[in-house]
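Step one of this worksheet: look at the structure below.
The values are calculated or read from the model by the stated rules, or taken from the named source; none is laboratory data. The model shown is predicted, which means the values in this text are computed figures rather than measured ones. Quick reminder, even Gly has a Cβ in these numbers, built from the backbone with ideal geometry, and neighbours come from all protein chains shown. Note: accessible area is taken over every heavy atom of the protein model, side chains too, but ligands, DNA and RNA are not part of it. Shrake-Rupley method; radii C 1.70, N 1.55, O 1.52, S 1.80 Å.
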Amino acid sequence: MISLGGAIGTGLFLGSGPAIHSAGPGGALVAYTVIGIMVYFIMTSLGELASFMPVSGAFSTYATRFIDPALGFALGWNYWFTWAMTLAAELSAATMVMKFWFPDSSSFLWSSLFLVLIFLLNYVSVKGYGEGEYWFSLIKVATIIIFIVVGILMIFGIMNGEAIGFKNFTVGDAPFAGGFLATLGIFIAAGFSFQGTEIVGVAAGESEDPAKNVPRAVRSIFWRIFLFYILAILVIGLIVPYTNGSLQGHTIMVSPFTMVFEKVGLAFAASVMNAIILTAVLSAGNSSLYVTSRMLYSMAKEGLAPRIFGKLNKRGVPIWGLVVTSLVGMLAFFASIFGDGVIYIWLMNAVGVTGFIFWLGIAASHYRFRKAYIAQGHSLDDLPYKSKWFPFGPIFSFALCFFVLMAQNYQAFIGNDINWASVFAAYLGIPFFLVMWLGYKFIKKTKVTPLEECQIDFDEHRNAK
């Protein structure tokens, strides 16, 4: 369920509308399909690594062993930064969701309540996180399936009378509106929507029988991407014309899911979708605390973070990682001072491009792992899961991630006056990553590890079995 629900969140429930409005239904489908293929390759790369070497907080460990300790250090802290900021952003988003029902309530109240709830889910044990995420994911998955079924019935006139058919795919400039640059802009939005798929790799170190279950989770990635993203985008594009101005909003009242459910005559559609979006927000917050605490634990064991983060409580939970990340989550409390929407936008800008950076790191780590594995004379038949399309998969993923990193927010450079504030917010993650990487490399004098010296531990593989 973590693998099925990991990427479903506000990016799909709210972000799909503006994507279709900007590039048309065809442009959105192309962008989400290409990014979906890239994420599939990223996940097969991670699946090969995590099933053979299941460790909590895997990304920094893989980069440290197979590329350079400095890169592992930078990727680990980059991933922690991404999800710590995401926790604060989701807590801020939760207050906006609750104000749909309680407009005059306190932002501080809701942020505090949800932070305590998420902290306790993770504090109890890893089973607390797993149980919470199971039910959060189940609700999201059920919503998408119901939405797709209802949408298809509406398109063919089986529900709600007149058949809608495919006429909205050719209205105006559809299926492609705004040309290549508009579709390029959706590449970036689609990438952000898919972030979270890699959590199954972080969870591998604490999952039951990772050599068996991680590959099974990875194999479901393609079908999840196809069903939940591509079909959902297709249904929205067919039912709601891309020219509908309401699609460009980011509020619950104009969520494309809400619009479709209202078209079919579902009473209280906005309230139902608001509750589901709250579930998605809490799911993201729950995952944020889990992955950040495990990443700090993993880095502490590798000597890349203070030792205190490597300590576990009697339930096997890295408690100090939970505490520190929760303190960062308190940034959401400033919403009561500056305003809910303002804080949410600031925090999401802070996250920026960091998601593409750790995807890029996964692709590079897998490429180096496979090369080192062969160079040291091991047989591919001994791998519990072998990624297909090697080396095309990791090379394609690396190249596309790099392209998106460079091309994102190109709009800020168009025109006579460059919007430097927008550029700074969008690209903040890149200098943060480079400073961590090059700074550690300069201080510790690290070098790229030769393929023959990369640490490939068969004991970890046997433990996975």
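List, largest first, the extents of the alpha carbons of the chain along their principal axes, each in whole Å.
Principal axes ranked by extent give 65, 51, 47 Å for the Cα atoms.
Using the per-residue mean of other Cβ atoms lying within 10 Å as a proxy for protection, in what order, highest first, do the peptides 358-365, 375-382, 283-290 fall?
By packing density, highest mean first, the sequence is 283-290, 358-365, 375-382.
State whether region 1-155 is rounded, prolate or oblate according to the following rule on the C-alpha gyration tensor (a ≥ b ≥ c being the square roots of its eigenvalues): a/c under 1.5 gives rounded; otherwise a/b larger than b/c gives prolate, and the remaining case gives oblate.
Oblate, since a/c reaches 1.5 and b/c is not below a/b.
List the lysines whose alpha-carbon lies under 23 Å from that of residue 140, not counting same-chain residues fewer than 8 positions away?
In chain and number order, the partners are 99, 127, 263.
Please give the residues of region 201-235, grouped as numeric ranges, whose backbone N is less than 19 Å from a label point set 7 Å along the Cα-to-Cβ vector of residue 167.
235
Using per-residue counts of other Cβ atoms within 10 Å, averaged over each peptide, order 169-178, 136-145 from highest down. Mind dumping the intermediate values first?
Details: 169-178: 16.5, 136-145: 18.8.
Averaged packing, sorted descending, gives the order 136-145, 169-178.
Could you sort 27-33, 40-46 so that the peptide with the highest average Cβ count within 10 Å comes first and the rest follow in order?
Ranked from most to least packed, the peptides come out as 40-46, 27-33.
Using Cα pairs closer than 8 Å and at least 6 residues apart in sequence, work out the relative contact order for the chain, in percent.
On the way: 775 pairs, mean separation 162.4, N = 465.
Relative contact order, the chain: 35 percent.
With an 8 Å cut-off on Cα pairs and a minimum separation of 6 or more residues, tell me the relative contact order of region 189-333 in percent.
RCO, region 189-333: 14 percent.
Heads up, I need the accessible area for residue 454: 1.4 angstrom probe, whole protein in place, Å², nearest 10.
10 Å²
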